[in-house]
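The next block holds one structure in the form of structure tokens; read it before the comments.
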Ligand SMILES: Nc1ncnc2c1ncn2[C@@H]1O[C@H](COP(=O)(O)OP(=O)(O)OP(=O)(O)O)[C@@H](O)[C@H]1O
Ligand SMILES: [Mg+2]
């Protein structure tokens, strides 16, 4: 794992520009994913997302953060063309969604609950499904396809499990198989729905390392997650969602306690330790811990005072 | 040994038994392939629905002087499309919609049947008449079943991906609507091809049994297909020959043999069978 990741990512305003040469500084232009004033209304009349906009450039990892029912999956569905926006438009690598799908540039790593794990397919069959878009009508794998599958399995460390039926794997291994499928597909845009639920710290680390490699190679990744603590670790952009986009932009600017309070309302557990409870010196900074379920997010210091740090 | 040989060759001395065997084997093969997809997609009831819905089509085609096959196919497909339309435009779940559509169409068929003078026997439509098939029927079945089989096998990977992960199928640009309706059309064609052999009521058994048996035995789709086709064709042969010896209805004998295979797989499947599980402590199987 030799991704050129800056050691102090938070100090740099736009980490993506450190990774992909030639990416212009300044706000993203949406050359990867452009969601432009999108509203989605389901047939039953629910408007799940209203007037949502954000833009992501190649070489970006973006977290999509919001409470249950805030519209994360709906945004994914709009990007994958499963639902048609009632207003606004989505453009992928500059193309309309339908054209982008035909070009096979969108890879999707599904939520575990959406997969039938009893299906009679082996690990290598699933990864090979990532190659279908590159094959002829009969989907007969060529040598190049097999090589890509081998390589993808190696990269996620699942080569030893390739002959296993997919149900005979642990939660983290299952996630890695579908990640391997996305690798084998070689899509420019990779959508990951809750990739860290039910995954231990080691696997999470491996997945994050892989995502960084992909970022260095110029892919755009949109990751929906509840795992707030890991967001600043590896996401350079954040989109905060609550039926619309509350805030979107560089992690350092958007991922603040105020914005998160707005996004999560009362759903977030919030511990603030300050003053005498924290330390016995004249330091006026306080420690804020935000968590919904998994790794807590820790802010050290009053946001408006200097000397802010984050773990 | 020679008793077994006699058991097999005895019936086959009669041309009508030869034709019956050929039709049964063809129908068994194409139903078995389809059944793998139905079992995996959870569409077992869809097979039931389409087969029942075929009845009014047969009667109307008879009145209009069209080939019965055409009427049956049109009716089966309308059932599938109507189900899809009702599901998308109401809050009712798919299985409920199917139940309403196919029982309604079946009822319509029964009413029409009693109102119309036909030379058809209701029993033959319901349970098949494989002993009465003509050479022409054999050829017709071979064309419809063979064509369907070829198309399914050519599309088998795309159809599998569609059943397994429609989301991924869509994102890599596969035409999922075409696959969805294509699978329905192939199902309707399979049912139409099977009417002569097993009839409206029993075709559903042919469309579920082999897939269910193979699902227990195989952990890979290619093998599942092979096992399903093998058990289905074996059942067809055993059932047809047995029906001659015990003077029973061939369709019923075939279905019964398939059920027997399912029972064996349920008990003795090496990984998923009940007995295999008992040998290994729970949780590690
Ligand atoms: N098919 C549908 N028909 C009608 N309403 C829907 C449909 N799917 C989702 N919704 C509604 O849209 C809103 C957003 O749902 P969505 O699935 O996008 O949320 P989410 O952010 O992915 O939630 P979670 O964290 O639970 O996965 C919810 O209020 C939900 O009830
Ligand atoms: Mg969701």
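The values are calculated or read from the model by the stated rules, or taken from the named source; none is laboratory data. Quick caveat: nothing in here was measured; it's all calculated off a predicted structure. Glycine gets a Cβ as well: all are built from the backbone with ideal geometry, and neighbour counts include every protein chain shown.
For segment B:127-165, filtering for residues that are facing chain A (nearest Cβ under 9 Å) and free of Cβ contacts under 8 Å to residues at least 40 places away in the same chain leaves 6. Scanning segment B:85-124 for residues that are without any contact (Cβ under 8 Å) to a residue 24 or more places away in the chain and either within 14 Å of another protein chain (Cβ to nearest Cβ) or not in a helix (DSSP H, G or I) (or both) gives B:85, B:86, B:87, B:88, B:89, B:90, B:91, B:92, B:93, B:117, B:119, B:121. Identification of helices (runs of 4 or more DSSP H) wholly contained in segment A:218-264 with 1 or more residues that are within 16 Å of ligand 1 (Cβ to nearest atom) and under 16 Å from the mean Cα position of the chain (by Cα) yields A:231-234.
Residues checked against (1) away from chain B (no Cβ under 14 Å); (2) more than 16 Å from ligand 2 (Cβ to nearest atom):
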position	(1), (2)
A:164	no, yes
A:174	no, yes
A:177	no, yes
A:180	no, yes
A:190	no, yes
A:195	yes, no
A:201	yes, yes
A:206	yes, yes
A:211	yes, yes
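Report whether or not residue A:160 is crowded, with 20+ Cβ neighbours inside 10 Å and part of a helix (DSSP H, G or I). No, not satisfied. Condition check: more than 9 Å from chain B (Cβ to nearest Cβ) and touching a strand residue (DSSP E or B) at 6+ places or on another chain (Cβ under 7 Å). Does residue A:149 satisfy that? No; evaluated as a whole, the condition is false for this residue.
Among the residues of segment A:185-207, those that are more than 16 Å from ligand 1 (Cβ to nearest atom) and touching a strand residue (DSSP E or B) at 6+ places or on another chain (Cβ under 9 Å) comprise A:185, A:186, A:187, A:188, A:189, A:190, A:207.
Residue check: residue A:144 meets all listed conditions (1) within 12 Å of chain B (Cβ to nearest Cβ); (2) outside any loop (DSSP other than H, G, I, E, B) but one, namely (1).
Only residues that are within 14 Å of residue B:25 (Cα to Cα) and assigned to a helix (DSSP H, G or I) were counted in segment B:125-136, giving 2. Under the condition of being at positive phi and at pLDDT 95 or above, the residues counted in segment A:141-162 number 0.
Each residue in segment A:110-127 was checked for being crowded, with 17+ Cβ neighbours inside 10 Å and within 9 Å of another protein chain (Cβ to nearest Cβ), and 8 pass.
Scanning segment A:66-95 for residues that are more than 12 Å from ligand 2 (Cβ to nearest atom) and farther than 20 Å from residue A:219 by Cβ turns up A:82, A:83, A:84, A:85, A:86, A:87, A:88, A:89. Annotation: residue A:25 fulfils all but one of (1) more than 14 Å from chain B (Cβ to nearest Cβ); (2) more than 16 Å from ligand 2 (Cβ to nearest atom); (3) farther than 13 Å from residue A:250 by Cα; (4) at pLDDT below 90; the unmet one is (3). Can residue B:74 be described as in contact (Cβ under 8 Å) with a residue 60 or more places away in the chain and assigned to a helix (DSSP H, G or I)? No; evaluated as a whole, the condition is false for this residue. Any residue at all in segment A:176-186 that is in contact with a helix residue (DSSP H, G or I) (Cβ under 6 Å, 6 or more places away or on another chain), surrounded by fewer than 23 Cβ atoms within 10 Å (Cβ to Cβ) and part of a helix (DSSP H, G or I)? No; the residues of segment A:176-186 include none that is in contact with a helix residue (DSSP H, G or I) (Cβ under 6 Å, 6 or more places away or on another chain), surrounded by fewer than 23 Cβ atoms within 10 Å (Cβ to Cβ) and part of a helix (DSSP H, G or I).
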